[in-house]
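Right, one structure below, let's go through it.
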């Protein structure tokens, strides 16, 4: 595939990657993924915290349900999100055919990554440090910022990197709800799909290579971060 | 009242509210919209020819992809753990994880570029009358590709943990390599394999993007369940789309239950950890 993307030489590759529609799609994908990663880092850590440190009825069910986005087919996710946050929304929130819809779909499919990365670290975290800080008069927020957060950071980063990789390439859950309007709500994977359908495999391959490189870099970074977080544990 | 509990409840409400909006509500919506016109249209959708054809094709893809990736996954994990390469582990790790991070559409494109009419093997395939793209083999290949990493990734840590002591004991007692594998190694890693198989199955059942690219979408011929959802929705057959979605969602929930049965221990303990009285909480 890498070979096909360079079939027309380096200049043809560059031309395809920098065509206005491709750039717009790549930029949108990149920015939306960054937003998703930022939200996930916070919400994922929060959910992991509640699952580990809090206790309430039905917690084990909530814990199991976190993995649902892994198990649910993406197109089904897309269809249900459209049902809830589309034109016939029962909660009165219609985000269909907007960029917000893309973020919502990406948030859905990437939900488990940060939660599952942070959870085991939080379980292992020695509570004595926090208790010591509390006995020395530190306020809860200070304890979180100075003691808990630094310990969780590597896991948060590695979970965030995985969400980024998933969000950048997401297709099934986005395709129905985003409307795929070029220059507005068309993400890179949809752009590639359309290019294949309209028989431009070269252009599709070129943008794919950009995504491929991005994914590979993110995955390698995640691997390094994960190993560092494990070292932190030991 | 302990004022220290207020932030805890606040966090709990935020976390559960977030999950409600993102998970529970959409899930309830599938059930609601499936039965919006009663039960009869649902039954019609389930007995529709194109639905049954889609179900069959999905099952074929799953039944080929799961055993293939289980065998490959165990073999690959054995090779990586027992005979680790001296350098470049990070590269191999990234490579195995690639189908996870790769856009499914890109996977489909890669298959077209290799097996399509103008692809590398295209001419040869056409000459021999073998159709891969826009036909069942392409869908099976796409399914195998996207589900490649699951078994490997689950088996590697288990294999690392069981070590080689028992295998070596078996060897010294004269067991053949074959016997050692099937009577010692495989039983030791069986839960890791089972977990990997469940994940593989879930992904194989639900793959959409890669399959959408290579299928060509001939209703009743090259349409899997996920493509059927899309197709029916675009044809404004809402009930049929939601019914198929509900079937897939039910399979997803079944998968989730199996995942919790086979899940590695450290995750399972999550729910049971922390039974300390609330006064003990740091926050």
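General remarks:
- Chain B: most fluctuating residue of B:117, B:179, B:36 per GNM, C-alpha cutoff 10 Å: B:179
- 222 nm mean residue ellipticity, helices alone, for the protein assembly as shown (DSSP H n ≥ 4; -39,500 (n - 2.57); rounded to 500): -23500 deg cm²/dmol
- The mean of 1/r over all pairs of different alpha-carbon atoms in the protein assembly as shown, once inverted, gives a Kirkwood hydrodynamic radius of 24.3 Å.
- Note on B:204-211: average number of Cβ atoms from other chains within 10 Å of each residue's Cβ is 5.
- Per residue convex hull volume, Cα atoms of the stretch B:1-131, in Å³: 270
- Projected area averaged over orientations for the stretch A:1-120, convex hull of C-alpha atoms, nm²: 10.4
- Residue ranges B:152-158, A:158-164 sort as A:158-164, B:152-158 when ordered by packing (mean number of other C-beta atoms within 10 Å per residue, highest first).
- The angle separating the long axis of helix A:201-233 from the principal Cα axis of greatest extent in chain A is about 10 degrees.
- Fluctuation leader among A:165, A:92, A:58 - chain A, Gaussian network, Cα springs under 10 angstrom: A:58
- Within 10 Å of the Cβ of each residue in A:212-218, the mean number of Cβ atoms contributed by other protein chains is 4.
- Tensor-based shape of the stretch A:151-234 (alpha-carbon gyration tensor, a/c under 1.5 rounded, otherwise prolate or oblate): prolate
- Estimated from the Cβ-Cβ distance and a Förster radius of 30 angstrom, the FRET efficiency linking residue A:93 and residue A:21 is about 0.55.
- Size descriptors for the stretch B:171-247, from the alpha-carbon set: Rg then Dmax equal 20.9, 67 Å.
- Derived value for the stretch B:39-280: Kirkwood hydrodynamic radius 20.3 Å. Basis is the mean of 1/r over every pair of different alpha-carbon atoms.
- Against chain A, whose longest principal axis comes from its Cα atoms, helix A:149-169 is set at around 20 degrees.
- For the residues of A:56-68, the average number of beta carbons from a partner chain within 10 Å of their own beta carbon is 5.
- Span per principal axis, largest first, for the Cα atoms of the stretch A:2-233 (Å): 66, 44, 27
- Rg ratio (alpha-carbon, reference 2.2 N^0.38 Å) - the stretch A:112-180: 1.58
- Across the stretch A:64-161, Cα-Cα pairs more than 24 Å apart make up 45 percent of the total.
- GNM top mover of B:206, B:119, B:138 - chain B, alpha-carbon springs below 10 Å: B:119
Coordinate-derived values only; no laboratory data. All figures in this text were calculated on a predicted structure; none of them were measured in a lab. A quick note on method: Cβ atoms are made from the backbone with ideal geometry, for glycine too, and the neighbour counts reach across all protein chains shown.
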